[in-house]
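What follows is one structure encoded as structure tokens, with my remarks underneath.
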Amino acid sequence: MAAAGHDVDQGNVDQANSGLDRYRRLHAASLADPEAFWREAAGAVDWVTPPTTVLDAFAAPFYRWFPDASLNTSYNALDRHVDAGRGGQAALVYDSAMLGVSRTYTYAELLDEVAVFAGVLAGLGVGKGDRVLIYLPMIPEAVVAMLAAARLGAVHSVVFGGFAPAELAARIRDARPSVILTASGGIEPGRRVEYLPAVHAALALAESAGTPVVAKAREGFAHGIRDYQEPGTSWLDWDDAVSTASAVPPVEVAATDPLYILYTSGTTGAPKGVVRDNGGHAVALTWSMQGIFGIGPGDVMLTASDVGWVVGHSYIVYGPLLAGATTVLYEGKPVGTPDAGVFGRLIEQHSVKVLFTAPTALRAIRRADPEGAALRAHDLSSLATLFSAGERLDTGTSGWIGEVLGVPVVDNWWQTETGWPICANPRGLGGVPLRAGSPSLPSPGFDVVVLDHQGSAVPAGTEGSIALRLPLPPGALTTLWGSDARYRDSYLSSFEGYYTSGDSGYVDSDGYVFVMGRTDDVINVAGHRLSTGAIEQVIAQHPAVAECAVLGLQDPLKGQRASGYVVLKSGASVDPLTLQADLVAMVRTAIGPVADFRSAVVVEALPKTRSGKILRKTMRQMAAGESYVVPSTIEDPAVLAALEPLLRPRPE
Ligand code: COA
Ligand code: AMP
């Protein structure tokens, strides 16, 4: 079905239409001659060796951007702005609603901190290509750590603080870091999350107890590095280490060298280490800051996410700093810290031009304050645009927040893998007419095609698998850490010549993309990407559980929530509520509070095909109240029928 052409832009229609013309010319040019397009965009980056070749397709489907160029990403994010005389401009504003403090770092100050901390890392033997694992809450040290690693040509891997030791251990095992950077802990409403015991446990699980740990001490936590001074280990205090270190210069790296690894959930329990390069990343993010977000030097951007997610990497840290803008690092929640007006307070206090957040945060604000009075109580006049990503933005929420803030609301669709929006409304190009329910049009270099099961492109308005024709533009993943084969199998093998996004959706007759949901077992809980397979692996370890299926059910606040359906071993007798409590605790311990797993239902049997595959998709469709076709290969239709009353959506 083609979507109705519903224009909800509050801007001038003529301006939007001229923006559309401009966009269409630019996008067409980026696909017709990607090398010319990205060569020009590369002019906005400071290279040590400028690129002569733009795209290397020699090892296709593995592509490399700017194969003969070199640069340093940290230099581009900091030094060059200072060299250009803007050292006194604000680079980073740390605003903690949890502590009630706000501190501004100029570009010169942030550069000093980063250069000296790079000296700490160098003193620990970290050099080009070494991995630095960062497990830090939303404090300035997280930004310093990332940029310091980049300064040395080391490869950072940030792990979100809501993950449990076992998940941290899995990442340590895979990335084999030379050092771990952490802090006493994170502050959640009502509780302190102690990081040091988690790091200690993870190192033990990963059999890496000797890996040096540098920890920033924060007040109010029970544990300190003094608790972990065991033989064969090296736990250092952050400030002590800094006090004896000297600044080091940026190290030249190849554009194709990895800048970071960011682990994300796939369909299995083992997280996938998305690898991002230095050169393509710098070029693409720099382009996106101006072209999509309309942010340039001196503008202020508040991305209310976490440095542990891709949105945080790209638009808390690298994007704004590469653009010479000011980034606000916000430690707090959208509601409750202290109220649903906190984003308004941040906009007013820091003159924010662009706010970027997730739909779940907007729904939480609306639920807490349906009139938006707490937001409206602030001077919001600096705000130009609200960007939203991470999950589908429903039109009710979008319309509501647009009315409260009085600015255009721009849905944008992307993934950890792509690093920047696949589809967005390019506000910096003048914008295109917004269309309700759609993240608008593909960004330059993204050739979006909807395919059927056979890999044939479907007509406009028909739903299918959303694929991206290769090569992906600069800034997208180059491979998975340590496994080219897994990269190929996960993304490139379903349809030759395409990257499979894992999302389904359709493109309307005007080229607007509509993203409907995942085609695999990845779910999105409060903007956090999780694997139902990973949760199933944990549940299956319970002694009473014979088998289980975990589904992502719709949730009015969090978008989705994980719900388990469990078949007991024959003869097992457990109280269902006790079992549920056990399973909830197991998932919390193994994956972390971020999984937010709360419901496990005992069922007689799970519906399967004759070959034994659990019909998760059919269950999911049933639970979503969607129409579904019972597969002809089903083993026993009665099993599915028996589940229907349990799965059918209940009225709110
Ligand atoms: N460190 C440790 N624990 C964390 C954490 C972190 N960084 N972030 C979340 N958690 C914990 C929470 O404390 C909570 O634990 P609990 O079960 O003991 O209460 C659990 O994980 C679930 O947290 P959350 O998903 O944040 O749910 P919530 O009900 O506490 O809050 C929202 C709901 C909507 C306010 C919140 O999810 C939110 O702000 N979401 C926006 C997320 C976002 O910006 N994502 C960006 C991706 S682009
Ligand atoms: P992550 O890698 O955590 O950013 O999650 C990526 C997934 O989130 C995508 O594959 C989509 O399923 C979903 N997603 C992100 N942004 C959007 C959006 N704007 N609309 C719909 N789904 C989205």
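Overview of values
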read-out: Tally of residues being assigned to a loop (DSSP other than H, G, I, E, B), of a type in the set (Gly, Ala, Ser) and farther than 26 Å from His528 by Cβ across segment 236-288; value: 4
read-out: Strands (runs of 3 or more DSSP E) contained entirely in segment 402-497, each with at least 2 residues that are touching a helix residue (DSSP H, G or I) at 6+ places or on another chain (Cβ under 8 Å); value: 409-411
read-out: Number of positions in segment 294-314 that are away from ligand 1 (no atom under 14 Å from the Cβ), of a type in the set (Val, Ile, Thr) and not in a strand (DSSP E or B); value: 1
read-out: Candidates Glu391, Glu417, Glu403 - the one that is surrounded by fewer than 22 Cβ atoms within 10 Å (Cβ to Cβ), of a type in the set (D, E, K, R) and either at pLDDT 95 or above or within 12 Å of ligand 2 (Cβ to nearest atom) (or both); value: Glu403
read-out: 2 or more residues touching a residue at least 60 places away in the same chain (Cβ under 8 Å) and either touching a strand residue (DSSP E or B) at 6+ places or on another chain (Cβ under 8 Å) or closer than 22 Å to Phe117 by Cβ (or both): qualifying strands (runs of 3 or more DSSP E) within segment 183-235; value: 213-216
read-out: Some residue of segment 57-69 being aromatic (Phe, Trp, Tyr), part of a helix (DSSP H, G or I) and in contact (Cβ under 8 Å) with a residue 12 or more places away in the chain; value: no
read-out: Yes/no for Ser74 being surrounded by fewer than 24 Cβ atoms within 10 Å (Cβ to Cβ) and at pLDDT 95 or above; value: no
read-out: Positions within segment 352-366 being in a helix (DSSP H, G or I) and away from ligand 2 (no atom under 13 Å from the Cβ), in sequence order; value: Ala361, Arg363, Ala364, Ile365, Arg366
read-out: All positions within segment 300-348 that are over 22 Å from Arg367 (Cβ atoms), more than 16 Å from ligand 2 (Cβ to nearest atom) and crowded, with 22+ Cβ neighbours inside 10 Å; value: Val300, Met301, Pro320, Leu321, Leu322, Ala323, Gly324, Ala325, Thr326, Thr327, Val328, Leu329
read-out: Residue list for segment 318-366, restricted to those being under 30 Å from Ala150 (Cα atoms) and within 12 Å of ligand 1 (Cβ to nearest atom); value: Tyr330, Glu331, Gly332, Lys333, Leu355, Phe356, Thr357, Ala358
read-out: Some residue of segment 200-215 being closer than 23 Å to Leu530 by Cα, buried (at least 20 other Cβ atoms within 10 Å of the Cβ), more than 22 Å from the chain's Cα centre (by Cα) and within 16 Å of ligand 1 (Cβ to nearest atom); value: yes
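The values are calculated or read from the model by the stated rules, or taken from the named source; none is laboratory data. Predicted model only: the values in this text are computed from it and were never measured. As a convention, Cβ positions derive from the backbone with ideal geometry for all residues, glycine included, and neighbour counts pool all protein chains shown.
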